[in-house]
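Q: I am attaching a structure below and will ask some questions about it afterwards.
Just so it is clear, none of the values below were taken in a lab; they were calculated from the coordinates. Not measured: the values here are computed from a predicted model. Virtual Cβ from ideal backbone geometry, glycine too; neighbours counted across all protein chains shown.
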Amino acid sequence: MATTTATIELPVPADRVWQLIGGFDSLPDWLPYIPTSDLSEGGRVRTLVNEDGGVIVERLEAFDNAARSYSYSILQAPFPVTGYFSTIAVHAGEGPDSARVEWSGTFTPDGIGEDEATVLFHGIYADGLTALKQSLTG
């Protein structure tokens with residue numbers, strides 16, 4: 001099983017960051033390469049469509065509003081992995097009006113090497129966090 005984590009410090013209070021990203025259906029609000037998200041199963045499953053038309057179906061596995069984090073698994077996606085489980089969390093940053101966002105995942109490569117799968121998801125997380133910073137700070 002492979003794992004990767006990407007982290008970013010933001011000059012924005014953690015509660016404000018969580019208001020933007022804390023909804024399981026909020027990816028289109030801050031992640032440009034996911035323009036569509038539709039919830040089903042009472043908000044526990046989201047069907048995402050990426051900018052290339054690829055469909056990704058994810059299940060909310062855990063949600064902790066007080067800790068500002070949620071975890072999800074992938075049910076269907078065009079990725080060469082199985083057993084995907086990810087957590088996104090917003091922590092208080094170093095300063096009083098800053099936040100640290102951490103996006104991590106574990107997965108088993110399927111048809112590619114562990115290093116290649118790790119690079120793929122680390123890139124997705126890092127690019128996503130850069131887009132989040134852009135959404136919040138312009």
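Q: Between Leu20 and Asp97, with labels modelled 7 Å along Cα→Cβ, what's the label distance in nm to one decimal, could you check?
A: 1.5 nm
Q: Positive end of the charge dipole of the range 58-129 (Lys, Arg +1 and Asp, Glu -1 on Cβ, about the Cα centre): tell me which of Phe79, Thr118, Val90 has its Cα farthest that way.
A: About the Cα centre, the residue reaching furthest to the positive side is Val90.
Q: Still on this structure: How large is ³J(HN,Hα) for each residue in the range 32-43, as worked out from phi by the Karplus curve 6.51 cos²θ - 1.76 cosθ + 1.60 (θ = phi - 60°), to whole Hz, x for Gly and Pro?
A: Whole-Hz 3J(HN,Hα) from phi for the range 32-43: x, 7, 10, x, 9, 9, 10, 8, 9, 6, x, x.
Q: Sum -39500 (n - 2.57) across every DSSP H segment of at least 4 residues in the chain, then divide by the residue count to get the 222 nm mean residue ellipticity, nearest 500. Write down the numbers at each step before the final one.
A: Numbers: 3 runs with 36 residues, N = 138.
Result for the chain, helices only: -8000 deg cm²/dmol.
Q: Still on this structure, please answer the following. Mind checking the full-extension length gain between Phe85 and Thr106? Use 0.36 nm per residue of separation minus the Cα-Cα distance, one decimal, nm.
A: Numbers: separation 21, 0.36 × 21 = 7.56 nm, distance 0.54 nm.
Gain on stretching Phe85 to Thr106: 7.0 nm.
Q: How much of the calculated P(r) for the range 62-138 lies past 21 Å, in percent of all Cα pairs?
A: Details: 1067 of 2926 pairs.
Counting pairs separated by more than 21 Å, the tail of P(r) holds 36 percent.
Q: Another question, then. May I ask you to compute the full-extension gain from Thr3 to Leu39, defined as 0.36 nm times their residue separation minus their alpha-carbon distance, rounded to one decimal in nm?
A: On the way: separation 36, 0.36 × 36 = 12.96 nm, distance 2.68 nm.
In short, 10.3 nm is gained.
Q: Something else: How large is the convex hull of the C-alpha atoms of the chain per residue, in Å³? Before the final figure, lay out the partial values.
A: Details: hull volume 13.9 nm³, N = 138.
Expressed per residue, the convex hull around the Cα atoms of the chain is 101 Å³.
Q: Please give the helix 114-137 orientation as an angle from the longest Cα principal axis of the chain, in degrees from 0 to 90, rounded to the nearest 10.
A: It works out to around 30 degrees.
Q: A follow-up question, please. Once a ≥ b ≥ c are taken as the square roots of the eigenvalues of the Cα gyration tensor of the range 1-76, is the result rounded (a/c under 1.5), prolate (a/b larger than b/c) or oblate (a/b not larger than b/c)?
A: Taking the square roots of the gyration eigenvalues as a ≥ b ≥ c, the range 1-76 is rounded.
Q: Calculate, in nm to one decimal, what Asp64 and Thr137 gain on full extension: separation in residues at 0.36 nm each, minus their alpha carbon distance. The partial results should precede the final answer.
A: On the way: separation 73, 0.36 × 73 = 26.28 nm, distance 2.52 nm.
Going from the current span to full extension adds 23.8 nm.
Q: Treating only the Cβ atoms of Lys and Arg (+1) and Asp and Glu (-1) as charged, compute the dipole magnitude of the chain about its Cα centre; round to the nearest 20 debye.
A: With Lys and Arg at +1 and Asp and Glu at -1, about 280 debye.
Q: I've got another one for you. Would you work out which of Gln134, Asn65, Phe107 lies farthest towards the positive end of the dipole of the range 32-138? Charges go on Cβ: Lys and Arg +1, Asp and Glu -1.
A: Asn65
Q: Can I ask one more? GNM on the chain, C-alpha springs below 10 Å: top fluctuator among Arg59, Arg68, Arg44?
A: Arg44
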